[in-house]
1. Among the listed residues Ala184, Ala202, which satisfies the condition of being more than 9 Å from the ligand (Cβ to nearest atom) and open to solvent by less than 20 Å² (accessible area, probe 1.4 Å)?
2. If we scan the stretch 165-172, do we find a residue that is away from the ligand (no atom under 16 Å from the Cβ) and charged (D, E, K, R)?
3. Does the stretch 198-218 include one or more residues that are in contact with a Pro (Cβ under 7 Å, 6 or more places away or on another chain) and under 28 Å from Pro271 (Cβ atoms)?
4. Could you list all residues from the stretch 31-45 that are closer than 15 Å to Glu170 by Cα and open to solvent by 40 Å² or more (accessible area, probe 1.4 Å)?
5. Could you figure out which of (1) charged (D, E, K, R); (2) within 16 Å of the ligand (Cβ to nearest atom); (3) crowded, with 16+ Cβ neighbours inside 10 Å isn't true of Arg190?
6. As an exercise: evaluate Val177 against (1) in contact with a Leu (Cβ under 7 Å, 6 or more places away or on another chain); (2) more than 20 Å from Ile51 (Cβ to Cβ); (3) within 15 Å of the ligand (Cβ to nearest atom); (4) open to solvent by 40 Å² or more (accessible area, probe 1.4 Å) and give the number of the one condition it does not meet.
7. Whether any residue in the stretch 7-19 is more than 16 Å from Asp88 (Cα to Cα), open to solvent by 60 Å² or more (accessible area, probe 1.4 Å) and in contact (Cβ under 8 Å) with a residue 24 or more places away in the chain is what I want to check.
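The values are calculated or read from the model by the stated rules, or taken from the named source; none is laboratory data. Everything numeric here is computed off the predicted structure, so don't read it as measured data. So basically every Cβ, Gly included, is an ideal-geometry build from the backbone, and we count neighbours across all protein chains shown. The accessibility values were calculated without ligands, DNA or RNA, using every heavy atom of the protein model including side chains. Shrake-Rupley method; radii C 1.70, N 1.55, O 1.52, S 1.80 Å.
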Amino acid sequence: MELIAEKSAFRALCESRRRQAGTIGLVPTMGALHEGHLSLVRFARAANDFIVLSVFVNPLQFQEDADLSAYPRDLESDVKAAEAEGVDAVFAPSVEEMYPLGEPAVTVRPGRLAEILEGRARPGHFEGVATVVAKLFSLAGACRAYFGEKDYQQLLVVRGLVADLELPVEVVGCPVVREPDGLALSSRNRRLSERERKAATALSRALVAGRRSVERQVRDPEEVERAMRAVLEDERLVEPDYASVGDPATLERPVEIAAPVRLLVAARVGPVRLIDNMAAASSARGAPLIS
Ligand code: AMP
């Protein structure tokens, strides 16, 4: 497996593999790899000849210096995990390599989708994400790129980026990987104490409660949001941010739940801000309800 730090070498490697008639599967990450990231690698490997995993903690998408400096970094063990999973190359550039002139003058603004939910809580976050992903896609060239539904809004932003800028990339969304108790895997979970780690299950429990309401044919999105929020508020160590019902493509709240929706929650637990989401659809009309 190759470990690459330079953009030119990364571009050259992807070009040479494509010339050998191989398809490239790209898995962009910020490192501190866990089973969620590795599941993306497995999806990529199943459908492509050459697998590249990038590791880059992108300062442009962080609003707080403290959050950026506390973000877990462990390239050595990431490289080992990637190699064990059959990754062909890890691209791990420095900040100076990615942004040689400092903060870029030209950035990508993803529009309305970047201004709600996570975008509202973290102004500029998705502009930072879209800019670094555009750079990665430009370096990698035509490829399939694998993103987790864990960051559902990010997945939609990246799909929008590819569609609006006509990039030669097929974006593949992959399901959320969870701990047995429901907690979505996240590099940030490492910073939770034992008690906070337990309390953090409130996020997935809130989503399950919301999904049950939708399945029980609750049509008022605000009622579903209240049901989710109640679960979050029940945990003393959890400080809820949002509990939202959204259209799966735009994340805008529907007037009435008449089609499948996406449920999304965000909350602060101890030192970290966690997010999670789930699909929900009402039981088929006329089908017997399971209580
Ligand atoms: P990150 O390193 O947090 O930027 O994540 C890199 C990629 O892994 C993103 O596409 C995430 O959505 C995805 N990812 C992170 N956690 C999970 C998870 N628990 N399940 C599925 N994908 C995940």
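1. Ala202
2. Within the stretch 165-172, one or more residues are away from the ligand (no atom under 16 Å from the Cβ) and charged (D, E, K, R).
3. no
4. Phe43, Arg45
5. Result: Arg190 passes all but (3).
6. Condition not satisfied by Val177: (2).
7. Taking every residue of the stretch 7-19 in turn, none turns out to be more than 16 Å from Asp88 (Cα to Cα), open to solvent by 60 Å² or more (accessible area, probe 1.4 Å) and in contact (Cβ under 8 Å) with a residue 24 or more places away in the chain.
Residue by residue, here is whether (1) touching a residue at least 24 places away in the same chain (Cβ under 8 Å); (2) within 16 Å of the ligand (Cβ to nearest atom); (3) in the same structural domain as Gln154 (by TED's automatic domain parsing); (4) surrounded by 15 or more Cβ atoms within 10 Å (Cβ to Cβ) holds:
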{"site": "Val27", "(1), (2), (3), (4)": "yes, yes, yes, yes"}
{"site": "Ser54", "(1), (2), (3), (4)": "yes, yes, yes, yes"}
{"site": "Val57", "(1), (2), (3), (4)": "yes, yes, yes, yes"}
{"site": "Ala84", "(1), (2), (3), (4)": "no, no, yes, no"}
{"site": "Phe91", "(1), (2), (3), (4)": "yes, yes, yes, yes"}
{"site": "Val95", "(1), (2), (3), (4)": "yes, yes, yes, no"}
